[in-house]
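Notes follow the structure.
The values are calculated or read from the model by the stated rules, or taken from the named source; none is laboratory data. Everything numeric here is computed off the predicted structure, so don't read it as measured data. Here the Cβ positions follow ideal geometry from the backbone for every residue, glycine too, while neighbour counts run over all protein chains shown.
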Amino acid sequence: MMGVSNGYFIISLDFELHWGIFDKRSVSEYQENLENVKLVIPRLLKLADIYNIELTFATVGFLFAKNKEELIQNNPKLLPSYSQTKFSPYATLDSIGINEKEDEFHYASSLIDQIQEAKKHEIGTHTYSHYYCLEDGQTKEQFEADLIAAITVAKKKDITIKSIVFPRNQVNHTYLDICKKHGIITYRGVEKHKMYNTLERIHHKKQSTRALRLTDSFFNISGYNTYKVNQLLDANSGLVNLPSSSFLRPYSKNIKSLESLKIARVKKAMTYSAKNNEVFHLWWHPHNFGTYMDENFFTIEAIFKHYKELNNKFNYKSITMSKLADYVNN
Ligand SMILES: [Zn+2]
């Protein structure tokens, strides 16, 4: 890798629709958020164009299917045998609609096409079935089968999968060699602070830890979570770890007075990364913008405007996950 003369701004979006939350909420409990994803994505693509932003869409493999027949054909032969059966989406397949037109909560082929048509964004994987790599009962072989299915469905759209975002940020380090074997060069790790450590699942899921993460979105508790480019290569796996710096929490009516603090916190971390030639990695889900769309887009536009200023001043660059990983590797 050559000398680093600028900082980088990465945005990854966990694109999953109902597959990301099927074990927590029914479609009807989250309907507005989910059905507005078809509006959120084109609006985001348009805004990204205006501000020259490159996005990485970590996309669930199920979403690639045009219809149920195709989806079932795409399914891996080996399915995850979670101890808690609620984590497996395969039992719910009977209840989904027959295609995207009938069921916009479980299919997104046309939205994937829109992202692809914009050319500059990356489509990575969020696994085929929103696979939980740290849950009990599933195996490495089952993960590999899932990953192969994700890569295969993308190939049908001429997409080569090079990056992965693990569902619920469950990074299983013993699975990274499988990713490498199948051509993946980068993954999104987690912030260093204990409140983000998904390996300690009981601690991570505790109410007090969740409250701490909420507070951290507005007040600087965990730091800026920016990273030096020359420290991103994970020597053990050979993959480039592009850890999250911050989850962009959706607008909340109850704490709207804190919205400006949230924006300021992100901007400060971006400025720090631009000045110090480091990486700042922001992520969220398209469905997070499905309610209070205008408020959420106001926030992201403020962030994009700030990016543009930093781009002018410090040559700060927006980049996809795999492009930055390529750069690190060369
Ligand atoms: Zn997810």
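Any residue at all in segment 255-271 that is under 30 Å from Lys181 (Cα atoms), hydrophobic (A, V, I, L, M, F, W, C) and modelled with pLDDT of 95 or more? No: zero hits. As for segment 214-230, it holds no residue that is within 16 Å of the ligand (Cβ to nearest atom), within 29 Å of Ala274 (Cα to Cα) and small (Gly, Ala, Ser). A residue that is of a type in the set (Gly, Ala, Ser), away from the ligand (no atom under 15 Å from the Cβ) and not in a helix (DSSP H, G or I) can be found somewhere in segment 137-145.
The one condition from (1) in a helix (DSSP H, G or I); (2) closer than 19 Å to Tyr131 by Cα that Phe22 does not meet is (1).
Table: residues versus (1) under 19 Å from the mean Cα position of the chain (by Cα); (2) of a type outside the set (A, V, I, L, M).
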| residue | (1), (2) |
| --- | --- |
| Gly97 | no, yes |
| Glu104 | no, yes |
| Tyr107 | yes, yes |
| His121 | yes, yes |
| Thr125 | yes, yes |
| His130 | yes, yes |
| Lys157 | no, yes |
| Ile161 | yes, no |
| Cys179 | yes, yes |
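Looking at Ser237, Ser245, Ser257, can you tell me which residue is surrounded by 19 or more Cβ atoms within 10 Å (Cβ to Cβ) and either touching a residue at least 24 places away in the same chain (Cβ under 8 Å) or on the phi < 0 side of the Ramachandran plot (or both)? Exactly one residue qualifies, and that residue is Ser245. Annotation: Tyr82 fulfils all but one of (1) touching a residue at least 12 places away in the same chain (Cβ under 8 Å); (2) under 30 Å from Tyr251 (Cα atoms); (3) within 16 Å of the ligand (Cβ to nearest atom); the unmet one is (2).
What do you reckon, is Gly20 within 16 Å of the ligand (Cβ to nearest atom), buried (at least 23 other Cβ atoms within 10 Å of the Cβ) and either of a type in the set (Gly, Ala, Ser) or without any contact (Cβ under 8 Å) to a residue 12 or more places away in the chain (or both)?
no
For Ile53, the test of being part of a loop (DSSP other than H, G, I, E, B), within 24 Å of Ala302 (Cβ to Cβ) and not polar (S, T, N, Q) is passed.
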